[in-house]
């Protein structure tokens with residue numbers, strides 16, 4: 001009887017497992033296999049073992065794209081987390097205005113990357129762009145955000161933060177609404193300052209949400225692609241080429257499928273390592289505080 | 001009862017999902033040039049259509065109207081559409097007709113992914129000798145013709161003649177363009193001093209084709225062999241270094257605009273904020289519209305010419321659009337329909353030249369109606385001085401991206417000239433070495 005029930009259970013999950021295997025597990029394994037081959041999009045190719053990986057490690061373009069990816073992720077994730085938390089705290093109230101502003105701040109999240117980059121091109125372009133005109137009004141020389149090697153990654157970071165702030169804000173809002181009101185009442189009775197209330201009640205209560213936001217955003221920004229492709233085409237001189245843009249160019253521009261697969265596998269391992277490290281580090285910190 | 005009702009419902013659904021056969025031969029055409037169905041979706045009057053999108057949409061509508069036994073189903077892809085085509089080919093479901101840049105054909109032809117079109121041309125009564133030299137070179141490879149050439153396009157000097165007049169650089173109603181590099185710098189300085197505007201408007205940001213086109217053109221003019229064989233590029237040569245240094249000097253002396261991408265450069269030119277905008281044939285229509293609109297900065301102040309000869313031979317790097325036929329199973333009716341489509345498009349090559357592109361057919365170059373189009377007499381030499389890259393060079397699009405990126409870095413001073421050219425050579429040679 002138990003055995004029959006188990007069999008029926010397997011039947012229920014079989015369609016999902018089949019679909020999951022076909023559209024996720026098989027491509028993943030196929031990608032790993034391709035990364036060991038020198039193969040173009042339409043050729044049979046031949047096995048090169050770790051050759052693609054060795055080539056990647058000696059490829060300065062890939063190296064630069066990885067450094068760019070880490071830099072832009074570091075620019076985005078802390079700032080995005082702080083801004084989203086600040087917005088959530090400011091808008092965590094039942095008033096009509098707060099609801100309107102929640103909608104406004106979330107609205108950028110529904111735009112496609114094409115629209116977002118178009119909007120920010122109009123803001124950032126030194127000739128006739130919004131910031132350029134503002135700079136000129138003050139008598140300053142407009143900053144070439146999209147053509148200066150030192151400004152282009154901050155430009156991508158600003159664009160991404162504006163685009164991505166909505167969802168983390170919602171997560172923080174949900175977290176804030178889970179904090180019991182009597183904790184704040186007790187703090188008020190104790191005459192606690194706003195900073196003490198924030199650092200002793202709000203922030204610890206949101207610890208899990210903060211960890212979630214940081215992990216999700218880190219994984220997402222390490223895969224940053226559209227902004228770089230559409231706003232700067234990876235330029236100037238590769239200064240804004242991210243790892244995913246590199247593998248897109250390699251696979252679909254140069255048809256080097258094996259090499260692009262190796263880059264994708266390396267990026268996958270990096271994202272996995274970063275995520276596990278974050279999870280482990282935050283888990284240790286939580287345990288040290290008594291598991292709160 | 002319930003079972004019967006369910007069966008009836010299913011049967012109705014099955015019947016309802018059946019499309020009625022129209023007894024036509026269907027061809028699936030995939031193209032870029034944009035989507036303008038709202039304006040031209042039902043139009044068949046080709047003469048009244050404007051712009052690349054309007055003209056190509058109307059041409060297909062007209063073909064469908066003139067050939068009631070054939071139906072062309074169109075799929076519009078974002079420029080240039082090769083990732084989609086690649087995915088379709090990989091899925092063994094490619095379209096019947098595709099727009100393709102001539103520099104890209106060799107990638108697909110070398111793998112047998114597109115058909116030679118010699119038989120289609122023969123059936124349509126078209127001879128490759130009808131094509132212009134640039135167009136024929138662009139579609140001929142491995143002893144076959146791999147596409148119906150549709151135009152030749154390349155870089156042009158779009159000139160603001162009002163500012164040129166202010167700079168004292170007009171003679172007999174024509175702008176004075178330089179004959180040597182020294183003249184270019186002298187005229188640029190004179191222009192800047194007298195007008196207060198930059199001589200050149202440049203799209204150095206996010207536009208690798210701009211830098212690659214300039215480097216290729218002036219290296220070719222000096223007789224440089226860019227690709228000595230199918231596995232190597234040669235850029236870091238005395239000629240390559242000299243060309244890069246000249247463009248670097250333009251930027252160093254602030255004789256050209258800095259930090260502009262393509263939309264910014266277009267906006268600057270139509271606003272009268274520079275003398276020459278070196279960009280492609282495809283902008284002629286838009287700039288001519290500005291030149292015909294009273295009150296606009298370009299009103300009656302626009303001229304256009306091929307890149308000037310600054311040294312060596314007067315040649316210019318060009319490419320072209322063509323119609324190719326991806327390899328797949330087809331019925332004899334579909335093959336005949338493709339031949340008829342080729343015949344129709346060849347007969348309407350003039351209509352396409354109203355976009356600003358040059359014709360792919362020699363006969364159109366000689367037609368009075370072509371010569372009567374604005375500026376065509378001035379730009380027609382491009383069809384004879386145009387030089388595509390050799391067809392044995394694969395991945396020309398990717399190579400242009402790499403060369404353009406490194407050349408732009410050299411021109412703008414982000415890298416030293418030898419460093420940038422060496423890097424371009426190394427990256428392209430690695431790419432070419434990976435191709436079996």
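Taken together, the values in this text are just the output of simple stated rules run on the coordinates, not laboratory data. No experiment lies behind these values; they were computed from the predicted model shown. In this analysis, Cβ positions are derived from the backbone assuming ideal geometry, glycine residues included, and neighbour counts consider all displayed protein chains.
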Problem - Peptide B:259-267 - average C-beta neighbours from other chains (10 Å radius) - result: 5
Handout entry: Taking A:10, A:28, B:358, B:29 and counting other C-beta atoms within 10 Å, the order from fewest to most
Key = A:10, A:28, B:29, B:358
Fill in the blank from the handout: Among beta bridges assigned by DSSP with both residues in chain B, the antiparallel ones amount in percent, to the nearest 5, to 65 percent
Completion exercise
Rounded to one decimal in Å, the inverse mean reciprocal Cα-Cα distance for the protein assembly as shown, i.e. its Kirkwood radius, is 29.2 Å
Handout entry: Rounded tilt (10° steps) of B:2-16 against the dominant C-alpha axis of chain B
Key = 50 degrees
Handout entry: Shielding by other protein chains, B:82-90, mean Cβ within 10 Å
Key = 2
Fill in the blank from the handout: Once residue A:137 and residue A:107 are pulled to full extension, the length gained, defined as 0.36 nm per residue separation minus their Cα-Cα distance, is 7.8 nm
Handout entry: Distance from segment B:76-143 to segment A:167-187 (C-alpha centre basis), Å
Key = 61 Å
Exercise for the section: Treating the angle as unsigned and between 0 and 90°, give the value, to the nearest 10°, between the Cα long axis of helix B:332-347 and the longest Cα principal axis of chain B. Expected result: 30 degrees
Completion exercise
Of all DSSP beta bridges with both partners in the protein assembly as shown, the antiparallel percent, nearest 5, is 65 percent
Fill in the blank from the handout: 1/(1 + (r/R0)^6) with r = Cβ-Cβ of residue A:70 and residue B:91, R0 = 51 Å, i.e. FRET efficiency to nearest 0.05, evaluates to 0.90
Exercise for the section: Pairs of Cα atoms under 8 Å, at least six residues apart: use those to get the relative contact order of chain B, whole percent. Expected result: 25 percent
Practice task
Principal axes first, then extents: for the Cα atoms of segment A:94-157, list largest minus smallest coordinate on each axis, whole Å, largest first.
Solution key: 44, 27, 18
Problem - Estimated translational D of segment B:84-134 in µm²/s (Stokes, Kirkwood radius over Cα pairs; 10 °C; 1.306 mPa s) - result: 126 µm²/s
Exercise for the section: Taking chain B as the reference, fit the longest principal axis to its C-alpha atoms, fit the long axis of helix B:181-195 to the helix C-alpha atoms, and give the angle between the two in degrees, 0 to 90, nearest 10. Expected result: 90 degrees
Handout entry: Taking the C-alpha atoms of segment A:53-288, convex hull volume expressed per residue in Å³
Key = 158 Å³
